[in-house]
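The values are calculated or read from the model by the stated rules, or taken from the named source; none is laboratory data. The structure displayed is predicted, hence computed values, not measured ones. Cβ coordinates were reconstructed from backbone atoms using ideal geometry, including for glycine residues, and neighbour counts include every protein chain displayed. With ligands, DNA and RNA removed, areas are computed over all heavy atoms of the protein, side chains included. Shrake-Rupley method; radii C 1.70, N 1.55, O 1.52, S 1.80 Å.
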Amino acid sequence: MPLDAHPSELHNNAPIITGPGEKLVKITLALTDLIKRETSFLKAHRNKDAQALHGEKSRLMAEYRDTLNNLQVNEHLLGSKDSRERKYIKSITEPFREALREHARIVLRMKAVTEGLIKSVGEEVSKRNPSVTGYNKTAAFAVPQNQRPTSLSLNQVI
């Protein structure tokens, strides 16, 4: 969705919204689209493609937060509590929230799988290495001489 298009051009029933309200609508629609694309990349295991969207997503999220804060301080800009403008913004916010929920489900599923893999590998490595057999002559744990350290880490942002 182009950010320079007016919301009323994008949806037939959209009221004419200007100023920060218009900006919020545009950013919300752009973020919804971007998050859906990122979610589809993650589902397809195309992590590099998803990672390429991080810069744009961060920029849009910062803009969204600033615009939302501006509107919360100046809420009179959207008219009365039951104005057509507010109802329209709420109607485009629901698909955005649903996209965020779906994205969170995918990320949490991937995180659980990754943590399970790390745990399984760690358990397998510790099975192969003998454990402490007792104490040595200085009352310290007796560790077999040929034991190698076992550590595993994963550091990738999704």
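Results, tabulated for the structure shown:
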| quantity | calculated |
| --- | --- |
| Inter-label distance for GLU98 and VAL121, nm, one decimal - labels placed 7 Å from Cα along Cα-to-Cβ | 3.8 nm |
| Simple Cβ-charge dipole of the range 29-123, Lys/Arg +1 and Asp/Glu -1, about Cα centre, in debye nearest 20 | 220 debye |
| Entries in LYS36/LYS119; LYS43/LYS111; LYS26/LYS111; LYS90/LYS111; LYS36/LYS87; LYS26/LYS90 that, when Cα-Cα distance is taken, lie over 20 Å | LYS36/LYS119; LYS26/LYS111; LYS90/LYS111; LYS36/LYS87 |
| FRET E, pair ARG65, ARG37, Förster distance 25 Å, beta-carbon r, rounded to 0.05 | 0.75 |
| Options TYR88, VAL73, ILE35, ranked by Cα towards positive dipole end of the range 34-89, top entry (Cβ charges) | ILE35 |
| Accessible area in the full protein assembly, largest first, 1.4 Å probe, for TYR64, TYR88, TYR135 | TYR135, TYR64, TYR88 |
| Candidate aspartates and glutamates for bridging to LYS48, where Cα separation is under 16 Å - those fewer than 8 sequence places away on the same chain excluded | GLU38, GLU56 |
